[in-house]
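Asker: Would you mind keeping the following structure in view while I ask a few things?
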Amino acid sequence: MNGDPTAATAPTSRRHLLPTTRHELQVLAAARPAMAGILVAGGVLAGPRPGGAGGLRQVPGLGWVTADPTVGRQVLTDHQHFTLVAEGGVGHLWAQILGDWVLDLFDGPGHHDLRARSRELFTEANAATLVGTAWGDELARVRGELAAGESVDVGHLARVLVGRMMISLLGIPGPRDAEPPSTAEALAAFTTGERLAAIALGSAGSTYLAPEQVASARALVAELTRGVPDGWRHASPDHLLGRCREIGLGLSETTGLASLLLVAGTETSASAMSRTAALLVDTGEQHRLLRRLAAERERPVERAAGEPDAVENAVREGLRVTSPASVIGRGVSADVEVAGRTLRAGERILILTWAANVAAGPFRADRPYAPQTRQLWFGAGRHLCLGAALARAEIAALLHALWDDGAPLRIVSRRATRRALVPGYDRLVVARA
């Protein structure tokens with residue numbers, strides 16, 4: 001089970017008929033069957049056109065749809081004509097749950113101010129320190145189990161790790177001592193964040209929520225953030241909640257930001273972690289990664305600023321191919337011409353980020369930087385994911401734990417998560433090959 005049969009045994013001429021591996025497509029279909037169909041079909045119908053013309057189509061029930069990375073980036077960086085706080089954008093959905101202050105903090109003057117003052121919270125160095133502190137003992141245990149010939153469920157592990165990170169960052173579910181959270185506590189935090197994210201299921205067609213959805217979401221927010229007031233008042237400035245206090249955010253805004261971080265940083269991180277691990281095994285690219293790791297250990301080389309090492313390159317490629325935030329929505333705030341089409345104020349556009357990203361080619365652990373996609377999996381423009389460095393550090397830490405000993409892995413069993421906003425693995429059991 002060291003490779004995907006569709007990649008390992010198919011004739012060369014047929015090998016890349018699918019946009020990604022068979023298992024990846026099954027993960028997408030298990031999570032949201034209708035959305036999986038939109039992503040695959042949309043990649044064909046609304047992708048780049050021959051001659052460089054951008055693909056942009058109007059689809060009943062969805063609005064404008066594109067899978068062209070150039071068009072998608074144009075939309076995401078045009079803040080004069082597109083917004084995420086109008087119908088079609090995620091800010092519109094969360095304002096109904098958290099309050100109208102979201103409108104300013106998401107897409108008004110308060111947004112730029114917030115990003116400017118909180119940027120240093122998630123630098124590359126800070127992210128690595130956060131991961132090492134929150135996960136060090138758990139990843140050491142995983143290394144030991146693999147070395148002893150035992151199997152590890154990467155799907156379960158990813159949920160535990162991400163749950164621990166959320167507890168470490170936000171002080172949930174309440175004030176705690178210096179002891180690391182238990183597995184049960186970590187899973188409870190992850191599951192509650194998962195339930196909150198599930199409120200957005202079905203938002204591809206509309207971001208208006210029913211009253212019962214709003215009530216349910218507010219109850220989950222209250223459950224998840226009951227430890228935030230204490231952290232906001234007493235945490236040191238080098239912790240997220242303490243920093244929010246220091247930069248002048250009130251308790252209600254800090255509570256809302258904590259809620260949004262839980263949604264944006266739970267399922268997406270766990271999804272990218274387990275799916276990247278599976279891709280490395282299914283495609284056989286783990287062997288390329290292992291060769292590069294061995295070469296780097298044997299002959300360390302000076303890399304140019306920003307040039308990734310073997311694991312960082314695999315992380316970037318995993319994020320490209322999995323694109324956990326598989327779609328990004330925006331509302332049209334003013335009439336605008338895009339890719340030869342006129343979009344009117346009040347309309348909505350859906351960017352099929354997954355389809356745009358996988359079009360660059362099959363998963364390859366050492367794929368060079370693809371300028372057409374850049375890091376579209378994190379968005380673009382002023383709404384580029386604030387936690388991008390943390391997500392990369394999390395995935396890298398897992399890959400190091402799984403492959404630093406130089407031994408290839410095999411997948412013993414797997415089960416995709418069903419009915420989830422973000423596709424992923426409920427179970428992905430690996431062991432040494």
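The values are calculated or read from the model by the stated rules, or taken from the named source; none is laboratory data. Because the structure is a prediction, the values reported are computed rather than measured. Neighbour counts run over all protein chains shown; Cβ positions are idealised from the backbone, glycine included.
Asker: Look through G144, G163 and report the one residue that is more than 21 Å from the chain's Cα centre (by Cα), outside any loop (DSSP other than H, G, I, E, B) and not hydroxyl-bearing (S, T, Y). Lay out the reasoning, then the answer.
Answerer: On the way: G163 fails: more than 21 Å from the chain's Cα centre (by Cα).
Selected residue: G144, the only one of G144, G163 that is more than 21 Å from the chain's Cα centre (by Cα), outside any loop (DSSP other than H, G, I, E, B) and not hydroxyl-bearing (S, T, Y).
Asker: Kindly list, by first and then second residue, each pair from a residue in segment 383-411 that is without any contact (Cβ under 8 Å) to a residue 60 or more places away in the chain and buried (at least 19 other Cβ atoms within 10 Å of the Cβ) to a residue that is part of a helix (DSSP H, G or I) and of a type in the set (D, E, K, R), limited to pairs with Cβ atoms under 6 Å and residues at least 6 apart or on different chains.
Answerer: none
Asker: Condition (residue is farther than 30 Å from L157 by Cβ, in a helix (DSSP H, G or I) and not small (G, A, S)) applied to segment 189-198: is it met by at least one residue? Walk me through it before giving the result.
Answerer: Going through segment 189-198, the residues farther than 30 Å from L157 by Cβ turn out to be none.
There is no residue in segment 189-198 that is farther than 30 Å from L157 by Cβ, in a helix (DSSP H, G or I) and not small (G, A, S).
Asker: In segment 293-325, which residues are basic (K, R) and either modelled with pLDDT of 95 or more or in contact with a Phe, Trp or Tyr (Cβ under 6 Å, 6 or more places away or on another chain) (or both)? Explain how you work it out, then say what you get.
Answerer: In the first step, residues of segment 293-325 are kept if they are basic (K, R); the result is 297, 299, 303, 316, 320.
Listed by number, the residues that qualify are R316, R320.
Asker: Which numbered condition trips up V102, out of (1) in contact (Cβ under 8 Å) with a residue 24 or more places away in the chain; (2) of a type in the set (A, V, I, L, M, F, W, C); (3) over 30 Å from L251 (Cβ atoms)?
Answerer: It fails just one condition, (3).
Asker: Further question on the same structure: Kindly indicate whether any position in segment 148-164 is at pLDDT below 95 and under 25 Å from V214 (Cα atoms). Before the answer, list the steps.
Answerer: Taking segment 148-164 as the starting set, the residues that turn out to be at pLDDT below 95 are 163-164.
From the residues that got through so far, the ones that are under 25 Å from V214 (Cα atoms) too are 163.
Within segment 148-164, one or more residues are at pLDDT below 95 and under 25 Å from V214 (Cα atoms).
Asker: Name the residue, out of A204, A270, that is part of a helix (DSSP H, G or I) and either of a type in the set (A, V, I, L, M, F, W, C) or touching a strand residue (DSSP E or B) at 6+ places or on another chain (Cβ under 9 Å) (or both).
Answerer: Working: A204 fails: part of a helix (DSSP H, G or I).
One residue alone meets the criteria, A270.
Asker: Residues of segment 35-56 being buried (at least 16 other Cβ atoms within 10 Å of the Cβ) and either at pLDDT 90 or above or among the small types (G, A, S) (or both), which ones?
Answerer: M35, A36, I38, L39, V40, G42, G43, A46, G47, G54, G55, L56
Asker: From the residues in segment 207-216 that are not in a loop (DSSP other than H, G, I, E, B) and not acidic (D, E), which one is nearest to Q96 (Cα to Cα)?
Answerer: Let us first name the residues in segment 207-216 that are not in a loop (DSSP other than H, G, I, E, B), namely 211-216.
Right, trim to not acidic (D, E) and you get 211, 213-216.
Values: P211: 9, Q213: 10, V214: 7, A215: 10, S216: 12 Å.
If we take residues in segment 207-216 being not in a loop (DSSP other than H, G, I, E, B) and not acidic (D, E), then V214 is nearest to Q96 (Cα to Cα).
Asker: Another question, then. Of all residues in segment 217-247 being in contact (Cβ under 8 Å) with a residue 40 or more places away in the chain and not in a helix (DSSP H, G or I), which is surrounded by the most Cβ atoms within 10 Å (Cβ to Cβ)? Let's see the steps before the verdict.
Answerer: At the first step, the residues of segment 217-247 found to be in contact (Cβ under 8 Å) with a residue 40 or more places away in the chain are 217-218, 221, 223-228, 230-231, 235, 239-241, 243-244, 247.
Okay, now just the ones that are also not in a helix (DSSP H, G or I), so 225-227, 235, 239, 247.
Numbers: T225: 23, R226: 15, G227: 18, A235: 20, H239: 18, I247: 15.
Residue satisfying both the conditions and the ranking: T225.
Asker: Something else now. With the condition kept exactly as written, say whether any residue in segment 333-344 is without any contact (Cβ under 8 Å) to a residue 40 or more places away in the chain, more than 27 Å from the chain's Cα centre (by Cα) and part of a loop (DSSP other than H, G, I, E, B).
Answerer: At the first step, the residues of segment 333-344 found to be without any contact (Cβ under 8 Å) to a residue 40 or more places away in the chain are 337, 342, 344.
Then keep just the ones that are more than 27 Å from the chain's Cα centre (by Cα); that gives 337, 342, 344.
Restricting the remaining residues to those that are part of a loop (DSSP other than H, G, I, E, B) gives 344.
Yes.
Asker: Can you confirm whether segment 98-113 contains a residue that is farther than 20 Å from A380 by Cα, buried (at least 21 other Cβ atoms within 10 Å of the Cβ) and of a type outside the set (A, V, I, L, M)?
Answerer: Residues of segment 98-113 that are farther than 20 Å from A380 by Cα, as a first pass: 98-101.
Subset that is buried (at least 21 other Cβ atoms within 10 Å of the Cβ): 98.
The next check asks that each one be of a type outside the set (A, V, I, L, M); those that pass are none.
Within segment 98-113 (the criterion being farther than 20 Å from A380 by Cα, buried (at least 21 other Cβ atoms within 10 Å of the Cβ) and of a type outside the set (A, V, I, L, M)), the answer is no, since none of the residues qualifies.
Asker: State all residues of segment 347-361 that are at pLDDT 95 or above and in a loop (DSSP other than H, G, I, E, B); if no residue qualifies, say none.
Answerer: Correct list: E347, L352.
Asker: From (1) touching a residue at least 60 places away in the same chain (Cβ under 8 Å); (2) in contact with a helix residue (DSSP H, G or I) (Cβ under 6 Å, 6 or more places away or on another chain), pick out the condition that doesn't hold for Y208.
Answerer: Condition not satisfied by Y208: (2).
Asker: Kindly check whether there is at least one residue in segment 422-429 that is touching a residue at least 40 places away in the same chain (Cβ under 8 Å), touching a strand residue (DSSP E or B) at 6+ places or on another chain (Cβ under 8 Å) and of a type in the set (A, V, I, L, M). Even if it seems obvious, please write down each step before you answer.
Answerer: Just the residues of segment 422-429 that are touching a residue at least 40 places away in the same chain (Cβ under 8 Å), to begin with: 422-429.
Imposing the further condition that a residue be touching a strand residue (DSSP E or B) at 6+ places or on another chain (Cβ under 8 Å) reduces the set to 423-429.
Next cut, of a type in the set (A, V, I, L, M) only: 428-429.
Yes, because at least one residue in segment 422-429 is touching a residue at least 40 places away in the same chain (Cβ under 8 Å), touching a strand residue (DSSP E or B) at 6+ places or on another chain (Cβ under 8 Å) and of a type in the set (A, V, I, L, M).
Asker: A further question follows. For segment 85-95, indicate whether the set of residues that are touching an Asp or Glu at 6+ places or on another chain (Cβ under 6 Å), surrounded by 24 or more Cβ atoms within 10 Å (Cβ to Cβ) and either touching a residue at least 24 places away in the same chain (Cβ under 8 Å) or not small (G, A, S) (or both) is non-empty.
Answerer: yes
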